[in-house]
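Okay, structure first, notes after.
The values are calculated or read from the model by the stated rules, or taken from the named source; none is laboratory data. Keep in mind that this is a model prediction, so the values were computed, not measured. Backbone-built Cβ (ideal geometry, glycine too); neighbour counts: all protein chains shown.
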Amino acid sequence: MTLSEKRADFTKMLMRLQVFAVSRASYHGVLLYIDYIKRHKCAQQGLFNEGVSWTLDSLHLDGLAADFYVVSKDSRRVLMNHEILDEMGEFWIDESGEWGGEKRWIEKGHTDRGHFQYNRKRRQKYEKENQNSRGDPGGETSLQDTGGQDDAGSARSTPAEGEHLEPHRSDNPQEERTDRKFSVCSW
């Protein structure tokens with residue numbers, strides 16, 4: 001499975017989570033924000049340096065993770081211990097995703113209850129079980145790592161250490177996001 005296919009699958013999973021979460025947020029009387037789906041390696045380095053992230057190898061780098069924030073109705077308080085995150089986590093695990101509030105994350109000391117990410121192995125098992133239960137032929141999904149390459153086989157560009165990349169803002173509103181250039185600036 002290519003990175004683009006994984007991202008498309010993750011997007012579908014995320015949309016299902018969002019529909020579920022919005023209904024639960026309405027029930028609980030809170031607001032829900034989605035933040036950080038795709039981030040650049042330099043931004044990840046900055047978060048790591050600030051102690052906000054515990055890893056440099058985040059699935060956010062490939063657009064395969066998302067962070068949700070539960071906020072009070074008056075938008076004055078972030079509620080990172082709200083029960084809705086547990087409900088979302090259970091839903092996400094049922095969808096074959098990996099949640100930052102799972103026991104294994106807690107045991108490692110890396111609890112991030114608002115973090116939801118793609119899990120290739122779980123997803124492969126989930127797809128196989130669901131294909132077999134639907135009677136689809138084959139029942140197997142070929143998941144291949146792209147080895148740091150995009151779908152065209154080109155190596156993904158990464159900045160030199162200590163450099164921060166920001167998207168080039170084009171004056172052309174028709175410019176596709178995938179064609180945007182990056183400029184180097186200091187972190």
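Data for the structure
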{"quantity": "Residues (in contact with a strand residue (DSSP E or B) (Cβ under 7 Å, 6 or more places away or on another chain) and in contact (Cβ under 8 Å) with a residue 60 or more places away in the chain) located in the range 4-42", "calculated": "Leu14, Leu17, Ala21, His40, Cys42"}
{"quantity": "Residue that is modelled with the lowest pLDDT [pool: residues in the range 104-149 that are among the hydrophobic types (A, V, I, L, M, F, W, C) and touching a helix residue (DSSP H, G or I) at 6+ places or on another chain (Cβ under 6 Å)]", "calculated": "Leu143"}
{"quantity": "Condition check for Ser58: closer than 19 Å to Gly100 by Cα, among the small types (Gly, Ala, Ser), without any contact (Cβ under 8 Å) to a residue 12 or more places away in the chain and surrounded by 17 or more Cβ atoms within 10 Å (Cβ to Cβ)", "calculated": "no"}
{"quantity": "Inter-residue pairs, beta-carbon under 6 Å, first among the β-branched types (Val, Ile, Thr) and in the range 98-109, second in a helix (DSSP H, G or I), 6+ apart", "calculated": "none"}
{"quantity": "Search result, residues across the range 12-48 that are surrounded by 13 or more Cβ atoms within 10 Å (Cβ to Cβ), basic (Lys, Arg) and within 17 Å of the chain's Cα centre (by Cα)", "calculated": "Arg16, Lys38, Arg39, Lys41"}
{"quantity": "Evaluation of Glu5 against (1) crowded, with 20+ Cβ neighbours inside 10 Å; (2) at pLDDT 90 or above (one fails), failing number", "calculated": "(1)"}
{"quantity": "Qualifying residue in the range 99-107 (condition: aromatic (Phe, Trp, Tyr) and surrounded by fewer than 15 Cβ atoms within 10 Å (Cβ to Cβ))", "calculated": "no"}
